[in-house]
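Chemist: My structure is below; once you've seen it, I'll send some questions.
The values are calculated or read from the model by the stated rules, or taken from the named source; none is laboratory data. Quantities reported herein were computed from a predicted structural model and do not represent experimental measurements. For neighbour counting, all protein chains shown are included, and Cβ atoms are generated from backbone atoms with ideal geometry for every residue, glycine included.
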Amino acid sequence: MTRTGKLHGRRAAFPVTDDHIHIDPVNGRGIEAAKDFMRSGGTHLFLVTKPSWSHGIALASGTDFRQVYDETLETAEKVRETGLAVYTILGVHPAEISRLAGNMPPEDAAAVMKAGLELAAAYVDEGRAVAIKSGRPHYPVEEAVWEASNDVLMHALELGAGCGCAVQLHTESGPCTDIVEMAGRAGISTAHVVKHFAVPETLLTPSFIAKDDAVPHLCGEGRYFMLESDYMDENTRPGAVTGPRSVPRFTLKLLEKKLITPEDVHRIHTDTPQRTYGVEISL
């Protein structure tokens, strides 16, 4: 399976990759946000699915995620027309379980989410996505919901191992050391388990928000990690979590101030995403 993006039009000096961004033509700025990323020096982005409710979908079964995934792929095609390279990450937002558990037992909610993840894995097998998204709630939940969420997360790791793709995780803040053990049981290397919104202490592959003060120090240690905006692209929350320009601007600012080197930029924006997702990052 070939997992490559596409780049055409105006050429940048070097790749700048956003590891976790949302582009929403219905509820947000859509393609204009992607153009902001490109105008600021961005070249490659990993487009991550938004929750089902952002697409106006009330879930009843795992197959309902198909509309979420197909609309994400349609958005990816529109973004590629701007000249950006786009890779899609499809999957299930961990907060889905809280909505589903209001109408069914947690174990049934988990079954719906696991079926949605299986569908995402099928898209990866077809070459239509490069990774699976999963996780567990980053807010307090009942024990039964927490256990069901970990069951969903474990299933995602097993699916990633089975189809040979990375799994990007949305979880609580912290090192998530128990997930290292879960990955081992699932048979997937932590090199292919990405901690979105990471902290430096994690032993998973970190993806840091593009304002983290620890980045120069981590570069000095030769750490492998990626940068992300986690831009939500919702008109009701403009600029959350950071804006679409944040990754290229943050990278260029650190480079201009000589807080990081060109080698660091290559490791962050080219080497790490290539080895994590099995994609080609080039101009």
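Chemist: Quick check: anything in segment 116-131 over 18 Å from His155 (Cβ atoms), at pLDDT 95 or above, out of contact with any Gly (no Cβ under 8 Å at 6 or more places or on another chain) and of a type in the set (Ser, Thr, Tyr)?
Modeler: Looking for residues that are over 18 Å from His155 (Cβ atoms), at pLDDT 95 or above, out of contact with any Gly (no Cβ under 8 Å at 6 or more places or on another chain) and of a type in the set (Ser, Thr, Tyr), one finds none in segment 116-131, hence no.
Chemist: Further question: Mind telling me which of the residues Pro200, Pro238 ends up being surrounded by fewer than 19 Cβ atoms within 10 Å (Cβ to Cβ), at pLDDT below 95 and not charged (D, E, K, R)?
Modeler: Pro238
Chemist: How many of the residues in segment 172-197 are closer than 24 Å to Gly243 by Cβ and touching a Cys at 6+ places or on another chain (Cβ under 9 Å)?
Modeler: 1
Chemist: Here's something else I'd like to know. Name the pairs whose Cβ atoms lie under 9 Å apart, with the first residue in segment 50-72 and over 14 Å from Val26 (Cα atoms), the second among the basic types (Lys, Arg) and not in a helix (DSSP H, G or I), and 6 or more positions between them or separate chains?
Modeler: As it stands, the answer is Tyr69/Arg128, since those pairs meet every condition given.
Chemist: In segment 253-283, what count of residues is obtained for those that are farther than 21 Å from Ala198 by Cα and touching a residue at least 12 places away in the same chain (Cβ under 8 Å)?
Modeler: Selection size over segment 253-283: 7.
Chemist: So the check is Cβ under 7 Å with 6+ separation or different chains; which pairs have a first residue in segment 227-246 that's aromatic (Phe, Trp, Tyr) and a second one that's part of a loop (DSSP other than H, G, I, E, B)?
Modeler: Qualifying pairs under 7 Å: Tyr231/His22; Tyr231/Val241; Tyr231/Thr242; Tyr231/Gly243; Tyr231/Pro244.
Chemist: In segment 245-278, which residue that is within 23 Å of Asp36 (Cβ to Cβ) and β-branched (Val, Ile, Thr) is surrounded by the most Cβ atoms within 10 Å (Cβ to Cβ)?
Modeler: Step by step, filter segment 245-278, then rank; the result is Val247.
Chemist: Criterion first (free of Cβ contacts under 8 Å to residues at least 60 places away in the same chain, touching a Pro at 6+ places or on another chain (Cβ under 8 Å) and exposed (fewer than 15 other Cβ atoms within 10 Å of the Cβ)) does Leu218 satisfy it?
Modeler: Values: free of Cβ contacts under 8 Å to residues at least 60 places away in the same chain: yes; touching a Pro at 6+ places or on another chain (Cβ under 8 Å): yes; exposed (fewer than 15 other Cβ atoms within 10 Å of the Cβ): no.
When the stated conditions are applied, Leu218 does not pass them.
Chemist: Scan segment 151-175 for residues that are assigned to a helix (DSSP H, G or I) and closer than 24 Å to Leu47 by Cα and jot them down.
Modeler: Selection gives Val152, Leu153, Met154, His155, Ala156, Leu157, Glu158, Leu159, Gly160, Ala161, Gly162, Cys163.
Chemist: Restricting the search to segment 107-129, which residues are out of contact with any strand residue (DSSP E or B) (no Cβ under 6 Å at 6 or more places or on another chain), in contact (Cβ under 8 Å) with a residue 24 or more places away in the chain, part of a helix (DSSP H, G or I) and not hydrophobic (A, V, I, L, M, F, W, C)?
Modeler: Glu107, Lys114, Gly116, Glu118, Asp125
Chemist: Determine which member of the set Ala148, Ala198, Ala191, Ala120 is of a type outside the set (Ser, Thr, Tyr) and in contact with a helix residue (DSSP H, G or I) (Cβ under 6 Å, 6 or more places away or on another chain).
Modeler: Ala148
Chemist: So how many residues does segment 228-282 have that are part of a helix (DSSP H, G or I) and more than 19 Å from the chain's Cα centre (by Cα)?
Modeler: Residues in segment 228-282 being part of a helix (DSSP H, G or I) and more than 19 Å from the chain's Cα centre (by Cα): 11 in total.
Chemist: Another question, if that's okay. Just to confirm my filter: which strands (runs of 3 or more DSSP E) fall fully inside segment 10-106 and include at least 1 residues that are of a type in the set (Phe, Trp, Tyr)?
Modeler: Per the criteria, 44-48, 85-91.
Chemist: Among the candidates Asp213, Asp178, which residue alone is modelled with pLDDT of 95 or more and not in a helix (DSSP H, G or I)?
Modeler: Testing whether each residue is modelled with pLDDT of 95 or more and not in a helix (DSSP H, G or I) leaves just Asp213.
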